[in-house]
Amino acid sequence: MNKKLSLLAAAALALSLAQPALAADKIALVVKSLGNGFFDAAHQGALEAAKELKDVEIIYTGPAKATAEGQIEIVNSLIAQNVKAIVISANDPDALVPSLKKAMARGIKVISFDSGVKKEGRLMQLNPSNSALIGEKLVKMSEQVVGKTGEIAVLSATAQATNQNIWIAEMKKVLAQPAFAGLKLVNVVYGDDQTDKSYREAQGLFKSYPNLKAIVAPTTVGIAAAAKAVQDEKKVGQIFVTGLGLPSEMAGHVKSGAVKSFAIWNPIDLGYSSIMAASAFIKGTAKGVAGEKISLGRVGSTTLDKDLEGAMAEPFTYDAGNVDKFAKIF
Ligand code: RAM
């Protein structure tokens, strides 16, 4: 090699060393709040998707408490960090729209999952399952423990949570049917997806409604806290708890008898699917139009409806027969 050529080769080598291989696309997974086992499982699925996609880095983030204000701050800082996509489970359907619109105006692909934002604030919403089906399941599981007549109460997450509010509205539609006329929904209270507040709200229900037969908690945090309160206050057999829970957090409560059955979809798959959908938008293979089929990798695909929403899978029911097996997974 002559001197000129070797100098060129050295320069080329220096350049290649200075410029690392293509930087990974940053996808932010913004959850309702940190410290929630449901979102930890979704994060696990997100990491799995990133590994499969190879060129993706996950930024897992969320506020300490499930508030829209906390999420707005986070979204604004993610815009400044130049992330490629934001995947959010929102604490409010409306409040986040302006900051998410700002993100989209800067070219960031925004999708909501689990708890959605209004259509104008995202390219699509990935629902874990069909909302009407979830509402019906919650009522049917209550009927199983209460029987045809009795008082039930809902212990929800936050008052503005999009997903819980939709499920409660669906429950009310089912309860309005003549077949469920004997089930009386006496109150809806909010534990804000905090264990201590949910526990206190459950205790409050025991006091206010001495004839209460079931607490239905469509939140993994609320259902575990309510079941513990039932156990601690020695109300097993008198008040049953049902709703949406994680097998890993509920197995002990099924054993205590406070819970007969509960439901959930696979949160790992939900996190995985959300990142796969976000990646399709980054690559430009997904556009976000009604009727479009969005690929969710190993989970399959979902078709967007007129509101640009798609669903992942059906909820699965857990009881003494299968809870231990799934408790090892999520
Ligand atoms: C809690 C959260 C989440 C919800 C589950 C069922 O972890 O509120 O949004 O989907 O419960």
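The values are calculated or read from the model by the stated rules, or taken from the named source; none is laboratory data. Just so we're clear, the structure is a prediction, and the values are computed from it rather than from any experiment. Every residue, glycine as well, gets a Cβ built from its backbone with ideal geometry; the counts of neighbours run over all protein chains shown. The area values use the complete protein model at the heavy-atom level, side chains included, leaving out ligands, DNA and RNA. Shrake-Rupley method; radii C 1.70, N 1.55, O 1.52, S 1.80 Å.
Between a first residue in the range 81-97 that is over 17 Å from VAL56 (Cβ atoms) and in contact (Cβ under 8 Å) with a residue 60 or more places away in the chain and a second residue that is more than 16 Å from the ligand (Cβ to nearest atom) and assigned to a loop (DSSP other than H, G, I, E, B), which pairs have beta carbons less than 7 Å apart while being 6 or more apart in sequence or on different chains?
Taking only residues 6 or more apart or on different chains, the pairs are PRO93/LYS118.
Taking the condition in a helix (DSSP H, G or I) and farther than 19 Å from ASP307 by Cα, does ALA132 pass?
Against the criterion (in a helix (DSSP H, G or I) and farther than 19 Å from ASP307 by Cα), ALA132 does not qualify.
Which one is most open to solvent (accessible area, probe 1.4 Å) among residues in the range 82-94 that are away from the ligand (no atom under 16 Å from the Cβ) and modelled with pLDDT of 95 or more?
Once the filter is applied, the top-ranked residue is LYS84.
Within the range 246-279, track down each residue that is within 13 Å of the ligand (Cβ to nearest atom) and in a loop (DSSP other than H, G, I, E, B).
LEU246, TRP265, ASN266
Mind listing whichever residues of the range 209-237 are out of contact with any strand residue (DSSP E or B) (no Cβ under 7 Å at 6 or more places or on another chain) and part of a helix (DSSP H, G or I)?
Hits for the range 209-237 are VAL221, ALA224, ALA225, LYS228, ALA229, GLN231, ASP232.
Please tell me if ALA217 is touching a Pro at 6+ places or on another chain (Cβ under 8 Å), under 25 Å from ASN163 (Cα atoms) and surrounded by 16 or more Cβ atoms within 10 Å (Cβ to Cβ).
no
Checking the condition modelled with pLDDT of 95 or more and surrounded by fewer than 16 Cβ atoms within 10 Å (Cβ to Cβ), which residue from GLY271, GLY237, GLY288 passes?
GLY237
Quick one: GLY243 ticks every box in (1) in a strand (DSSP E or B); (2) surrounded by fewer than 24 Cβ atoms within 10 Å (Cβ to Cβ) except a single one, so which number is it?
Looking at each condition in turn, GLY243 falls short on (2).
Looking only at the range 178-199, count how many residues are under 17 Å from ALA229 (Cβ atoms), charged (D, E, K, R) and surrounded by 15 or more Cβ atoms within 10 Å (Cβ to Cβ).
Residues in the range 178-199 being under 17 Å from ALA229 (Cβ atoms), charged (D, E, K, R) and surrounded by 15 or more Cβ atoms within 10 Å (Cβ to Cβ): 3 in total.
Here are the criteria: (1) more than 24 Å from SER115 (Cβ to Cβ); (2) surrounded by 18 or more Cβ atoms within 10 Å (Cβ to Cβ); (3) out of contact with any strand residue (DSSP E or B) (no Cβ under 7 Å at 6 or more places or on another chain). Tell me which single one ALA258 does not satisfy.
For ALA258, the exception is condition (3).
Considering only residues that are of a type in the set (Lys, Arg) and farther than 15 Å from LYS283 by Cα, look in the range 46-73 and name the one that is least open to solvent (accessible area, probe 1.4 Å).
The residue in question is LYS65.
Residue-by-condition table, conditions (1) open to solvent by 30 Å² or more (accessible area, probe 1.4 Å); (2) over 19 Å from ASN127 (Cβ atoms); (3) assigned to a helix (DSSP H, G or I):
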| residue | (1), (2), (3) |
| --- | --- |
| GLU143 | yes, yes, yes |
| ILE152 | no, yes, no |
| LEU155 | no, yes, no |
| ALA159 | yes, yes, no |
| ILE166 | yes, no, yes |
| ALA169 | yes, no, yes |
| VAL174 | no, no, yes |
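Looking only at the range 220-229, filter to residues that are crowded, with 24+ Cβ neighbours inside 10 Å and farther than 19 Å from GLY150 by Cβ; which one of those is nearest to the ligand (Cβ to nearest atom)?
THR220
Looking at (1) within 15 Å of the ligand (Cβ to nearest atom); (2) farther than 16 Å from VAL146 by Cα, which is the one condition that is false for MET171?
(2)
Could you figure out which of (1) more than 16 Å from the ligand (Cβ to nearest atom); (2) in contact with a helix residue (DSSP H, G or I) (Cβ under 7 Å, 6 or more places away or on another chain); (3) within 30 Å of LYS119 (Cβ to Cβ); (4) not acidic (Asp, Glu) isn't true of ALA290?
Evaluating ALA290 over (1) more than 16 Å from the ligand (Cβ to nearest atom); (2) in contact with a helix residue (DSSP H, G or I) (Cβ under 7 Å, 6 or more places away or on another chain); (3) within 30 Å of LYS119 (Cβ to Cβ); (4) not acidic (Asp, Glu) leaves (2) as the failure.
Any residue that is assigned to a loop (DSSP other than H, G, I, E, B) and either of a type in the set (A, V, I, L, M) or outside the structural domain of ALA278 (by TED's automatic domain parsing) (or both) - is there at least one of those in the range 37-60? Full working, then the answer.
Going residue by residue through the range 37-60, those that are assigned to a loop (DSSP other than H, G, I, E, B) are 54-55.
Keeping just the survivors that are either of a type in the set (A, V, I, L, M) or outside the structural domain of ALA278 (by TED's automatic domain parsing) (or both) gives none.
No, the range 37-60 contains no residue that is assigned to a loop (DSSP other than H, G, I, E, B) and either of a type in the set (A, V, I, L, M) or outside the structural domain of ALA278 (by TED's automatic domain parsing) (or both).
For the range 65-80, what are the residues that are over 23 Å from ASN36 (Cα atoms) and either within 15 Å of the ligand (Cβ to nearest atom) or touching a residue at least 12 places away in the same chain (Cβ under 8 Å) (or both)?
Once the filter is applied, which keeps residues that are over 23 Å from ASN36 (Cα atoms) and either within 15 Å of the ligand (Cβ to nearest atom) or touching a residue at least 12 places away in the same chain (Cβ under 8 Å) (or both), the range 65-80 yields only ILE79.
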